[in-house]
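The values are calculated or read from the model by the stated rules, or taken from the named source; none is laboratory data. Note that the coordinates shown come from a computational prediction; the quantities given were computed from them, not determined experimentally. No Cβ is skipped: glycine too gets one built from the backbone with ideal geometry, and neighbour counts run over all protein chains shown.
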Amino acid sequence: MAMLEPLVAEGRKVLIFSQFVEMLKLIEADVKAQGWDYAMLTGRTRKRTEQIELFQKGEVPLFLISLKAGGTGLTLTEADTVILYDPWWNPAVERQAMDRAHRIGQTKPVFVHRLIAEGTVESAIQQLQAKKQALADALFEEGAGGRLDMGEDDIAALFAPVG
């Protein structure tokens with residue numbers, strides 16, 4: 001909510017994605033308490049097109065979307081901000097969510113915020129993904145000769161318990 005207040009005040013058009021419908025319901029309760037207009041899309045939404053049009057026509061500043069329901073088939077070029085409230089372990093699914101706003105017809109920059117709580121499994125996964133990406137990048141660096149420069153400590157870190 002601390003992030004949403006200034007965004008709504010600035011007139012931003014925000015997509016809020018969560019993988020959990022129950023989390024979207026908690027966010028919805030806070031949004032209602034603030035008196036903000038919004039649209040919502042989950043697997044249980046019956047009038048999907050109406051919710052999409054509310055946002056695309058600029059009638060509401062916020063669009064609460066479950067990752068599964070909003071992962072494909074949406075073009076939401078009215079958005080200028082995307083918030084991934086909780087991470088999805090499959091980065092491709094997150095990219096699809098972000099891509100809802102990056103479509104043909106988008107005329108403004110889009111800012112993406114990924115919210116990850118420290119000390120969680122998601123935080124550890126984020127760190128592992130970054131390390132894996134660095135390792136993959138190292139394979140293609142000039143002069144590396146395709147060698148993977150990993151020591152015992154690197155391998156142990158990949159299998160270390162989440163703390």
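Worth a mention:
- Test for residue 106: is it more than 26 Å from residue 2 (Cβ to Cβ), modelled with pLDDT under 80 and in a helix (DSSP H, G or I): no
- Of the residues 68, 47, 108, the single one that is farther than 20 Å from residue 30 by Cα and touching an Asp or Glu at 6+ places or on another chain (Cβ under 8 Å) is 108.
- Residue in the stretch 13-23 that is touching a residue at least 60 places away in the same chain (Cβ under 8 Å), touching a Ser or Thr at 6+ places or on another chain (Cβ under 6 Å) and surrounded by 13 or more Cβ atoms within 10 Å (Cβ to Cβ) present: yes
- From the options 51, 96, residue that is at pLDDT 90 or above, polar (S, T, N, Q) and surrounded by 13 or more Cβ atoms within 10 Å (Cβ to Cβ): 51
- Of the listed requirements (1) modelled with pLDDT under 90; (2) exposed (fewer than 15 other Cβ atoms within 10 Å of the Cβ), residue 87 misses just one: (2).
For (1) under 19 Å from the mean Cα position of the chain (by Cα); (2) farther than 30 Å from residue 132 by Cβ, each residue gets a yes or a no:
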{"position": "54", "(1), (2)": "no, yes"}
{"position": "58", "(1), (2)": "no, yes"}
{"position": "64", "(1), (2)": "yes, yes"}
{"position": "68", "(1), (2)": "yes, no"}
{"position": "73", "(1), (2)": "yes, no"}
{"position": "83", "(1), (2)": "yes, no"}
{"position": "90", "(1), (2)": "yes, no"}
{"position": "98", "(1), (2)": "yes, no"}
{"position": "102", "(1), (2)": "yes, no"}
